Amino acid sequence: MENTFTLSVTVNGTSYQRSVDPRTLLSDFLRNDLGLTGTHVGCEHGVCGACTVLLNGDPIRSCLLFAPQVHNHEIITVEGLGTMDDLHPLQEAFQEAHALQCGFCTPGFLTTLVSYLEENPSPTEEEIREAISGNLCRCTGYQHIIDAVKLAAGKMNT
Ligand code: FES
Ligand code: FES
């Protein structure tokens, strides 16, 4: 392939090297090249938050970055948060508090909130609302998500 970029990146603890078109979006790279389809693509212009992943620990919109921009950096996707047998406490809390319905938005909420809870382990309800203000959900009405974050904070602080 002409005009390719050789991308080295660590995703969920695994190192990858792939040749990519320089204009490949990070979201498309994760989904199409690595098969990590837990990262969802909704609006594709930075509004819905469904594509959120962690770049060196910070949440970013993977639809707004080109894959070469994460060269030599570390990405965590929703697949890296927990496993079916060993869910992250926030994933457990989402399950227990019924914080998802169709689940399309959920990976973006989880990656956003895992990072947020590390910075603020005991958020108030108002702070939780602020923390999720960049993530859109068409199903839950948000209250169950807020309840799940409170539940997770309790789990993670014990
Ligand atoms: S798909 Fe990236 S913010 Fe909506
Ligand atoms: S659970 Fe359906 S969009 Fe959030």
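Here's the picture: charge each Lys and Arg Cβ at +1 and each Asp and Glu Cβ at -1 in the chain, and of His71, Leu26, Leu54 the one pushed furthest to the positive end of that dipole is Leu26. Karplus-based coupling profile of region 3-14, in residue order and whole Hz: 6, 10, 10, 8, 9, 10, 8, 9, 10, 6, x, 10, with θ = phi - 60° in 6.51 cos²θ - 1.76 cosθ + 1.60 and x standing for Gly or Pro. The GNM of the chain, with springs linking C-alpha atoms under 10 angstrom apart, assigns the highest mean-square fluctuation among Ser115, Ser27, Ser15 to Ser15. Label separation (Arg138 vs Lys150): 2.9 nm, computed from points 7 Å beyond Cα along the C-beta direction. Couplings 3J(HN,Hα) for region 49-57, derived from phi with the Karplus relation 6.51 cos²θ - 1.76 cosθ + 1.60 (θ = phi - 60°), are x, 4, 8, 5, 9, 9, 10, 6, x Hz, where x marks Gly and Pro. Charges were assigned to the Cβ only: +1 to each Lys and Arg, -1 to each Asp and Glu. The resulting dipole of region 1-156 about its Cα centre is roughly 300 debye. Basic side chains Lys and Arg get +1 at the Cβ, acidic Asp and Glu get -1 at the Cβ, and with that the dipole of region 1-56 about its Cα centre reaches some 140 debye. With a ≥ b ≥ c the root eigenvalues of the C-alpha gyration tensor of region 1-86, is it rounded (a/c under 1.5), prolate (a/b larger than b/c) or oblate? Taking the square roots of the gyration eigenvalues as a ≥ b ≥ c, region 1-86 is oblate.
Given R0 = 25 Å, the distance between the Cβ atoms of Cys102 and Arg129 translates into a calculated FRET efficiency of 0.70. Annotation: amide H-H contacts under 5 Å for Val53 (H modelled 1.01 Å from N, sequence separation of 5 or more, or interchain): Ile60, Ser62. If you run the Gaussian network model on the chain, springs between alpha carbon atoms under 10 Å, then out of Thr124, Thr39, Thr112 the most flexible one is Thr124. Applying the Karplus relation 6.51 cos²θ - 1.76 cosθ + 1.60 with θ = phi - 60° to region 21-36 yields 3J(HN,Hα) values of 5, x, 9, 5, 6, 4, 4, 5, 4, 4, 6, 8, 8, 9, x, 8 Hz, where x marks Gly and Pro. Largest GNM mean-square fluctuation across Pro123, Pro107, Pro59, computed for the chain with C-alpha springs under 10 Å, falls on Pro123.
Values quoted throughout were computed directly from the atomic coordinates according to the rules given, and no laboratory measurement underlies them. It should be emphasised that the depicted structure is a prediction, and the values quoted were computed from it without experimental measurement. Note that we place each Cβ from the backbone using ideal geometry, even for glycine, and neighbour counts take in every protein chain shown.
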